[in-house]
Amino acid sequence: MKYIQLGCLLFLAISLLSACQKVIHLDLKPSDQPYVIEGIVTDQPGTCRVLISRTKQFADDNSFQGVSGAEVTLADDAGDTVRLVERGAGVYTDSMFIGATGHRYALQVTVGGKRFTASSTMPSKVTLDSAYIAEEDFFGDATKQLNVMYQDPAGQPDYYKFVEFVNGVQVQQLFVGDDQLTDGKEVTSTLRYFDDKDNKNDVPKIKTGDTIKVNMECIDAAVYKYWSSLESSATGSSQSASPANPVTNIAGGALGYFSAYTLQQKVIIAP
Amino acid sequence: MKMNKAYLLLFLGLLTGFHTYAQQPSGSAHYTISGTVTAQKSGETLIGATVRAAGAGTVTNEYGFFSITLPQGTYQLQVSAIGMQSHEEKVTLDRSIRMNVTLRDETLSLEGVTISSSRTDRSITNPLMGVNKLSAADIKNVPALLGERDVLKTIQLLPGIKSAGDGNSGFYVRGGASDQNLILLDDAPVYNASHLLGFFSTFNADAVKNITVYKGDMPAQYGGRLSSVEDIRMNDGNNQQYHVSGGIGLISAKLSVEGPIQQGKSSFLVTARRTYADLFLKLSPDSSINNNKLYFYDLNAKMNYILGDKDRLYFSGYFGRDVLGVQRTFGLDWGNETGTLRWNHLYNDKLFSNTSLIFSNYNYNISVASGANNFNIFSQIRDWHIKEEFDWYLSNRHQIRFGLNSIYHVMRPGEVKPGSATSNFNADLLENRFSWENAAYFSDVWKASKRLNITYGLRFTAFSILGKGDFFHLDDAGNILDTLHYNSGQFVKTYFNPEPRLAFSYQLNATSSVKVSYARNVQNLHLISNSTASNPTDKWVASTNIIRPEIADQFSAGYYKNLWDDTYELTVEAYYKRMQNQIDYRNGADVFINTNAIETELLFGKGRAYGIEWLFKKTAGKFTGWLSYTLSKTQLQVNGINQDQWYNARQDRTHDISIVGTYKLNKKWSFSADWVFYTGDAVTFPSGKYLIDGQVVYYYTKRNDYRMPAYHRLDIGATLQLRQKKKFSSDLVFSIYNVYGRENAYTITFEQSKDDPDRTDAVQTALFKFIPSVSYDFKF
């Protein structure tokens, strides 16, 4: 559970009497470069897209280097298929494709002589009741954090992913959860992130007047497994004893995921 | 299975051989000298004291009892123990004698040199070679973190026993995982022997009499863990005089009270230790500080009664807890409670029995109260245990141990309770798990000839999984195919396992011997943990219909030599261990998941570990210490991990070196130092990276193919004996941990460079640089 990990991390933070961090140099062996596919289908117009790239070596830069010339098709369970058009290197979209709850979508990508397939079923839409800013106090350091509220439907497994934007910039943190312990309850979830003052690239903490946008995605079980395994073992800073690639729902040997989800957004101004 | 048949034949053969030996030659009457060896000043029984007469010898057992049978005649009985002056007495043996021997503490001459005729407790003739014993004095002589001497930290300086690293609890013995060590405190198992993320163990070194460590080749009376046994015996309490001792250090304060209830017949001992740093937190006016809690405590209480010539009764209890609280938002506490009632009974001068009733409990509690998110998580393992063991000193050629053991385990793996009615968490109760572990064992230390000792034994265990509960059938991908419901008391499955133990020890000459041994160990309790730091919230899980008992077969060989008039000891041991049914986790496994079917997250495979250990020890003189070096490898092979190839276990460390030294300058000052070095853990580092949802994610190929940087540090310490009056003595202990401030890597993580978002950095976090400390101890 996230709380256990949070608690142990805090415990560590308190107990560290003279901890120090430094950047070190490691000799990492280069490896093969598998394809990375991010496939998204939502119930909102203009959001359907598939991003294709390859892994980069550790010393390379962090920019997105898309792979052109792939053949990308989406099919719904009625058998209708659509061929996505490349709009910019590695980005394949279709402006008309909209998904609907309960339908199963299939993705097929052919690139570099390889074929990858995946499928995802769009779950039912859980309404995002409200989003608000609340103040929290950790050791005298008051921070404003975004809270979201929703009513979890009882009697069915539900999985959620939230994305937070502060003044248009996406917060680099994964917010995923299930309803294992909150089935049927009115859930309040805090999308908590911390701003490391030493790091210029971190999104600064929320202050009065900031525009906060939150996306709520209702995802299926396989996609939840992808995000939760990514969070626990592939972010580079996990506490897991055995870092490993996330459990993908794409067959054929690619990294990444294919997610059909319902999308809702709310925008608020921080008080 | 072929191994078992061959062994059974050998065992039967030895048994018949044993019968012929057991018959005494007719004509000469044999009589027995038996009794207890105690320390004169305190009345404490001495464990492992040597009792010798006319070439025959034995060693006192865990309760200080010995028995030696000789033909009628007159003998010089020699009794010795480490740290004590030896005792010689003329004994005329014309009938069986009961004698209790008291030994005096070794004295210091005017120059401060120790006078003791037993310079080493290692007699080459002792059949139990390769067993590491540490006394309280050995533990006191090693510098320690923050001035706290620690039994478990000290044994990690011996070869074959590796520390889990700074900030981590647990240790690894001969390549085994940290849950493969059976830690016993006066017979009671301790499930989590560490406080505060592994900086301190739960054992207050002041009250420890003795610790015996077996690295996998344990005798048949021990079982239940694959890699080692740490049998810790506490002092019983001075039955001659009252004493109060205590101390205060940088982190904690401790107090110990002991004394007779009836002088010479019964005594008690109470020791307590608590950290006090959190009391300063309470003084702060800032409510974001004074609401926090951070402390741990240990309390040991013991009583014992000598009920006459043949009986002795002991009660002991241990209570310990760690508490962490962050304001009112988050709380984590965990702790052990154990209680034992033991009864020693002498059936006759050759048959000693001990009956123990043991209760052991370990649990943890997590509470979260943040707005509407409030809930508690509770998890517990509880044992009820009865043990009956006999020491039968049949003759000077056969010393037999046999007994029965029965443990009933109740595990409450996880209970989630909402903190209040308005909480947005539901209650979730995992099913309790019940199991019943039974064992019967037999072992004989057979002096087959003047030079050859054979220890052979068999431990037979039956581990039964009981209802009430739901058990599952899974497919290869870990999905549940079928759920089986069992009622209360119904047997789900029983695993039967014979565990043979065999050792041959051959004395080459007066100062050297060799030993070859084989042991099979079976483990039915498994610690489920998937993080780099072993957390107090790791789960203990019993074997099920899917989780099979772990089995280890260990072969080892050793060479032992005493040098230069017994002032130096050299030990070289090599081992090969093969392990079955080892547990590892599926990729992306969520081990915190609250499900009855934990098996859906697990994968099973095999392991192998081998190595060679060197120990060179100086035991006498002003300067004492040891040098230890281990060269080893540990690997696992689990289908579903690392493309089904063998991979290094996390605790695989090629080289492990410890150098420890103590110098007694004079009556006032003594100095100590230790230097440790080991190859870093095997770790998985990324082979590449990519972007997902705008965030950098890392790509991994092989498991544990890289190494953390090597770990090394130097600690120094000094003890100043302050004025020693007749009834009062005190000392100051200074120490510095990590003197040259080496930044040993605790973790290495990967993140976008703080200066340049287009670059990825490897960031190393180190925990401790130099940490000095002072502590004051007193005794009166």
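The values are calculated or read from the model by the stated rules, or taken from the named source; none is laboratory data. Here the structure is a predicted model, which is why all the values come from computation and not from measurement. Every residue, glycine as well, gets a Cβ built from its backbone with ideal geometry; the counts of neighbours run over all protein chains shown. For accessibility, only protein heavy atoms count, side chains too; no ligands or nucleic acids. Shrake-Rupley method; radii C 1.70, N 1.55, O 1.52, S 1.80 Å.
Working carefully through the options A:ALA142, A:ALA70, A:ALA118, A:ALA154, find the one that is surrounded by fewer than 19 Cβ atoms within 10 Å (Cβ to Cβ) and modelled with pLDDT of 90 or more.
Result of the check over A:ALA142, A:ALA70, A:ALA118, A:ALA154: A:ALA154.
Against the definition (more than 21 Å from the chain's Cα centre (by Cα), modelled with pLDDT of 90 or more and open to solvent by 10 Å² or more (accessible area, probe 1.4 Å)), how does A:ALA131 come out, yes or no?
no
Looking for whichever is charged (D, E, K, R), open to solvent by 10 Å² or more (accessible area, probe 1.4 Å) and within 14 Å of chain A (Cβ to nearest Cβ) here; the options are B:LYS561, B:LYS539. Which one fits?
B:LYS539
Can you list the strands (runs of 3 or more DSSP E) found entirely within region A:65-148 that contain at least 1 residues being without any contact (Cβ under 8 Å) to a residue 40 or more places away in the chain and outside the structural domain of A:LYS207 (by TED's automatic domain parsing)?
A:71-75, A:81-83, A:104-111
Pull up region B:746-772, narrow it to residues that are among the polar types (S, T, N, Q) and assigned to a strand (DSSP E or B), then point me to the one that is farthest from the other protein chains (Cβ to nearest Cβ). Full working, then the answer.
Of region B:746-772, the ones among the polar types (S, T, N, Q) are B:747, B:749, B:752-753, B:760, B:764-765.
Within this subset, residues satisfying the condition of being assigned to a strand (DSSP E or B) are B:747, B:749, B:752, B:760, B:764-765.
On the way: B:THR747: 8, B:THR749: 4, B:GLN752: 6, B:THR760: 6, B:GLN764: 5, B:THR765: 5 Å.
Ranking the candidates gives B:THR747 first.
List every residue pair whose Cβ atoms lie under 7 Å apart, where the two residues are 6 or more positions apart in sequence or sit on different chains, the first residue falls within region A:20-37 and is under 30 Å from A:ASN249 (Cβ atoms) and part of a loop (DSSP other than H, G, I, E, B), and the second residue, located anywhere, is open to solvent by less than 40 Å² (accessible area, probe 1.4 Å) and β-branched (Val, Ile, Thr).
Listed by first residue and then by second, the contacts come to A:GLN33/A:THR55; A:PRO34/A:THR55.
Considering region A:131-147 alone, what residues qualify as being more than 12 Å from chain B (Cβ to nearest Cβ) and of a type in the set (A, V, I, L, M)?
Within region A:131-147, A:ALA131, A:ILE133, A:LEU146 meet the criteria.
Sort out for me the strands (runs of 3 or more DSSP E) sitting completely within region B:595-671 that have 3 or more residues that are among the charged types (D, E, K, R) and in the same structural domain as B:ASN738 (by TED's automatic domain parsing).
B:602-618
Which of the residues that make up region B:240-262 are touching a residue at least 40 places away in the same chain (Cβ under 8 Å) and either of a type in the set (Gly, Ala, Ser) or not assigned by TED's automatic domain parsing to the domain that holds B:THR719 (or both)?
Hits for region B:240-262 are B:SER245, B:GLY246, B:GLY247, B:GLY249, B:SER252, B:SER256.
Looking only at residues that are outside any strand (DSSP E or B) and in contact with a helix residue (DSSP H, G or I) (Cβ under 9 Å, 6 or more places away or on another chain) in region B:291-336, which one is surrounded by the most Cβ atoms within 10 Å (Cβ to Cβ)? Can you show your working first?
Initial filter on region B:291-336 (outside any strand (DSSP E or B)): B:291-292, B:307-310, B:327-329.
Now narrow it down to the ones that are in contact with a helix residue (DSSP H, G or I) (Cβ under 9 Å, 6 or more places away or on another chain): B:291-292, B:327.
On the way: B:ASN291: 15, B:ASN292: 20, B:GLN327: 18.
Ranking the qualifying residues of region B:291-336, first place goes to B:ASN292.
Could you list, in sequence order, all residues of region A:203-242 that are at the interface with chain B (Cβ under 7 Å from one of its Cβ atoms) and among the basic types (Lys, Arg)?
A:LYS225
Would you please name the residue that is surrounded by the fewest Cβ atoms within 10 Å (Cβ to Cβ), looking only at residues in region B:468-482 that are among the charged types (D, E, K, R) and in a strand (DSSP E or B)? It would help to see each step written out before you state the result.
The first filter runs over region B:468-482 and keeps only residues among the charged types (D, E, K, R), leaving B:468, B:470, B:475-476, B:482.
Cutting the leftovers down to in a strand (DSSP E or B) gives us B:470, B:482.
On the way: B:ASP470: 13, B:ASP482: 9.
Result: B:ASP482.
Given the structure, is B:SER775 away from chain A (no Cβ under 11 Å) and open to solvent by less than 60 Å² (accessible area, probe 1.4 Å)?
Yes.
How many of the residues making up region A:156-202 are within 12 Å of chain B (Cβ to nearest Cβ) and at positive phi?
Summing the residues that are within 12 Å of chain B (Cβ to nearest Cβ) and at positive phi in region A:156-202 gives 1.
Scanning for something open to solvent by 70 Å² or more (accessible area, probe 1.4 Å), hydrophobic (A, V, I, L, M, F, W, C) and at pLDDT 90 or above, does region A:37-58 turn up at least one residue? Walk me through it before giving the result.
Within region A:37-58, the subset open to solvent by 70 Å² or more (accessible area, probe 1.4 Å) is A:45, A:49, A:54.
In the following step, the residues that additionally are hydrophobic (A, V, I, L, M, F, W, C) were identified as none.
No.
Determine if region B:259-277 includes at least one residue that is within 14 Å of chain A (Cβ to nearest Cβ) and either surrounded by 17 or more Cβ atoms within 10 Å (Cβ to Cβ) or outside any loop (DSSP other than H, G, I, E, B) (or both). Reasoning before the result, please.
From region B:259-277, those within 14 Å of chain A (Cβ to nearest Cβ) are B:275, B:277; that's our starting set.
When the remaining residues are screened for being either surrounded by 17 or more Cβ atoms within 10 Å (Cβ to Cβ) or outside any loop (DSSP other than H, G, I, E, B) (or both), the result is B:275, B:277.
Taking every residue of region B:259-277 in turn, at least one turns out to be within 14 Å of chain A (Cβ to nearest Cβ) and either surrounded by 17 or more Cβ atoms within 10 Å (Cβ to Cβ) or outside any loop (DSSP other than H, G, I, E, B) (or both).
Exactly one of (1) farther than 23 Å from B:TYR678 by Cα; (2) open to solvent by 10 Å² or more (accessible area, probe 1.4 Å) is unmet by B:THR544. Its number?
Answer for B:THR544: the failing condition is (2).
What's the total number of residues in region B:189-235 that are farther than 27 Å from B:TYR295 by Cα and in a loop (DSSP other than H, G, I, E, B)?
13
Kindly establish whether B:LYS617 is touching an Asp or Glu at 6+ places or on another chain (Cβ under 6 Å), without any contact (Cβ under 8 Å) to a residue 60 or more places away in the chain, more than 14 Å from every other protein chain (Cβ to nearest Cβ) and open to solvent by 20 Å² or more (accessible area, probe 1.4 Å). Can you show your working first?
Details: touching an Asp or Glu at 6+ places or on another chain (Cβ under 6 Å): yes; without any contact (Cβ under 8 Å) to a residue 60 or more places away in the chain: yes; more than 14 Å from every other protein chain (Cβ to nearest Cβ): yes; open to solvent by 20 Å² or more (accessible area, probe 1.4 Å): yes.
Taking the combined requirement at face value, the residue satisfies it.
Scan region B:732-743 and tell me whether some residue there is among the β-branched types (Val, Ile, Thr), within 13 Å of another protein chain (Cβ to nearest Cβ) and under 20 Å from B:SER658 (Cα atoms).
There is at least one residue in region B:732-743 that is among the β-branched types (Val, Ile, Thr), within 13 Å of another protein chain (Cβ to nearest Cβ) and under 20 Å from B:SER658 (Cα atoms).
Looking only at strands (runs of 3 or more DSSP E) that fall completely inside region A:171-257, which ones have 2 or more residues that are crowded, with 18+ Cβ neighbours inside 10 Å and hydroxyl-bearing (Ser, Thr, Tyr)?
Those strands (runs of 3 or more DSSP E) span A:186-191.
In the list A:ASP220, A:ASP158, which residue meets the criterion of being charged (D, E, K, R), within 23 Å of B:ALA427 (Cα to Cα) and touching a residue at least 40 places away in the same chain (Cβ under 8 Å)?
That would be A:ASP158, the only listed residue that is charged (D, E, K, R), within 23 Å of B:ALA427 (Cα to Cα) and touching a residue at least 40 places away in the same chain (Cβ under 8 Å).
Filter region B:426-451 for residues that are at pLDDT 90 or above, in contact with a Pro (Cβ under 7 Å, 6 or more places away or on another chain) and open to solvent by less than 30 Å² (accessible area, probe 1.4 Å) and give the result.
B:SER443
Take region B:33-57 and flag every residue that is buried (at least 20 other Cβ atoms within 10 Å of the Cβ) and more than 29 Å from B:TYR242 (Cβ to Cβ).
Correct list: B:ILE33, B:SER34, B:THR50, B:VAL51, B:ARG52, B:ALA53.
Taking strands (runs of 3 or more DSSP E) that fall entirely within region B:27-106, which contain at least 2 residues that are among the aromatic types (Phe, Trp, Tyr) and under 21 Å from B:LYS350 (Cα atoms)? Before you say what the answer is, go through the steps one by one.
Working: elements: B:30-39, B:50-53, B:56-59, B:65-71, B:73-80, B:87-93, B:101-103.
Hits in region B:27-106: B:65-71.
Which residues, taken from region B:242-256, are assigned to a loop (DSSP other than H, G, I, E, B) and at pLDDT 90 or above? Walk me through how you get there before you give the answer.
Quick first cut of region B:242-256, residues assigned to a loop (DSSP other than H, G, I, E, B) only: B:242, B:249-251.
Result: B:TYR242, single match.
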